[in-house]
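Heads up, the thing below is written out as structure tokens.
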Amino acid sequence: MEKDLNSQEGTYDILQNGAGEILIMIQQRRGGPENPRFVYDGGETALLYRSRESSVFLGGINENARNPLKAVDEVLVAEIDGDEVAREYVVPVRIVRNLKAVLS
């Protein structure tokens, strides 16, 4: 079985609707999420923890997306396969002081 542990997401989108809800679109990963978490410190990098075998780093987060990401309790993640949504799921947001310290 291929593991996605600590993979870097090259292309992703972060969108916000008029109600302030956030959608994060990433490429489809193997296996479904198990107790996922979105870990974020307000900087340019976040970690989407999908399961024990799969986590995804989101780097280069646009400055305009940083405050909205810190202001929500959860995000909707959509995994895309080509032009189709392969799966979508709600992920709680965990704000930390320093993401690098959490990962060390």
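The values are calculated or read from the model by the stated rules, or taken from the named source; none is laboratory data. Computed from a predicted model, the values in this text were never measured in an experiment. When we count neighbours, we look across all protein chains shown, and the Cβ atoms used for this are built from the backbone with ideal geometry, even at glycine. Only protein heavy atoms, including side chains, enter the accessible area calculation; ligands, DNA and RNA are left aside. Shrake-Rupley method; radii C 1.70, N 1.55, O 1.52, S 1.80 Å.
The table for this structure:
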| item | result |
| --- | --- |
| Bins of 10 Å, starting at 0 and running to the largest distance - Cα pair percent for the chain | 15, 53, 29, 3, 0 |
| Accessible area of region 45-85 belonging to carbon and sulfur atoms, whole % at 1.4 Å probe | 39 |
| Dipole in debye (nearest 20) - the chain, about Cα centre, beta carbon charges: Lys, Arg +1; Asp, Glu -1 | 540 |
| Region 28-72: relative contact order in percent, alpha carbon pairs under 8 Å with at least 6 residues between | 32 |
| Value at 222 nm in deg cm²/dmol, rounded to 500, when DSSP H runs of n ≥ 4 in the chain each add -39,500 (n - 2.57) | -3500 deg cm²/dmol |
| Contour excess over end-to-end distance, with Cα ends at Asn17 and Asn35 and 0.36 nm allotted per residue | 4.0 nm |
| The chain: relative contact order in percent, alpha carbon pairs under 8 Å with at least 6 residues between | 30 |
| Highest average packing first - 80-87, 58-65, Cβ atoms within 10 Å | 58-65, 80-87 |
| Solvent-accessible heavy-atom area per residue, rounded to whole Å², over region 12-104 at 1.4 Å | 59 |
